[in-house]
1. Here are the criteria: (1) surrounded by 12 or more Cβ atoms within 10 Å (Cβ to Cβ); (2) under 15 Å from the mean Cα position of the chain (by Cα); (3) not aliphatic (A, V, I, L, M). Tell me which single one D6 does not satisfy.
2. Any chance region 89-98 includes a residue that's at negative phi, hydrophobic (A, V, I, L, M, F, W, C), surrounded by 15 or more Cβ atoms within 10 Å (Cβ to Cβ) and outside any helix (DSSP H, G or I)?
3. If I ask for residues that are more than 25 Å from S19 (Cα to Cα) and either open to solvent by less than 40 Å² (accessible area, probe 1.4 Å) or of a type in the set (S, T, Y) (or both), which ones from region 61-84 would you list?
Amino acid sequence: MHNLSDRTPFEHSVTVPSSYKVVSNLREEMKIYYIKDDLHELDAISYINNFGNEIKIYNLERTICDILRSRNRMDIEIINKMIKNAMSLKVKIRNYARERNMSPQVALQNLCLNLF
């Protein structure tokens with residue numbers, strides 16, 4: 001969704017609040033990550049998927065941090081590709097900001113509004 005990897009996941013994953021009870025058929029179909037209730041909505045954004053449905057995903061920064069925190073459970077090639085793509089995005093944001101005489105933070109917000 002953030003185009004950090006060019007691979008399709010073998011298994012979909014979802015993050016839910018720790019107080020949430022996931023039904024057994026969903027637990028069998030995807031990887032479930034539990035997180036403290038107060039952190040679940042932090043950095044969540046709306047995203048329209050390929051089927052036109054609005055879903056909640058974490059923003060780019062949180063996604064990168066979550067991937068790096070879980071790096072021991074991931075393929076090193078995926079992590080290297082993610083870092084490369086994130087750095088490329090950082091350069092693009094800086095150039096975008098410089099061309100428009102704005103701070104990188106404002107540029108990132110403008111780009112995100114256009115992307116989502």
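1. Among (1) surrounded by 12 or more Cβ atoms within 10 Å (Cβ to Cβ); (2) under 15 Å from the mean Cα position of the chain (by Cα); (3) not aliphatic (A, V, I, L, M), D6 violates only (1).
2. Going through region 89-98, the residues at negative phi turn out to be 89-98.
Within this subset, residues satisfying the condition of being hydrophobic (A, V, I, L, M, F, W, C) are 89, 91, 93, 97.
From the residues that got through so far, the ones that are surrounded by 15 or more Cβ atoms within 10 Å (Cβ to Cβ) too are 89, 93, 97.
Add one more test, that the residue is outside any helix (DSSP H, G or I), and what stays is none.
No - not one qualifying residue is present in region 89-98.
3. Within region 61-84, I79, M82 qualify.
The values are calculated or read from the model by the stated rules, or taken from the named source; none is laboratory data. All values derive from a computational prediction rather than experimental measurement. Glycine also receives a Cβ, built like all others from the backbone with ideal geometry; neighbour counts cover every protein chain displayed. What goes into the accessible areas is simple: the full protein's heavy atoms, side chains included, and nothing from ligands, DNA or RNA. Shrake-Rupley method; radii C 1.70, N 1.55, O 1.52, S 1.80 Å.
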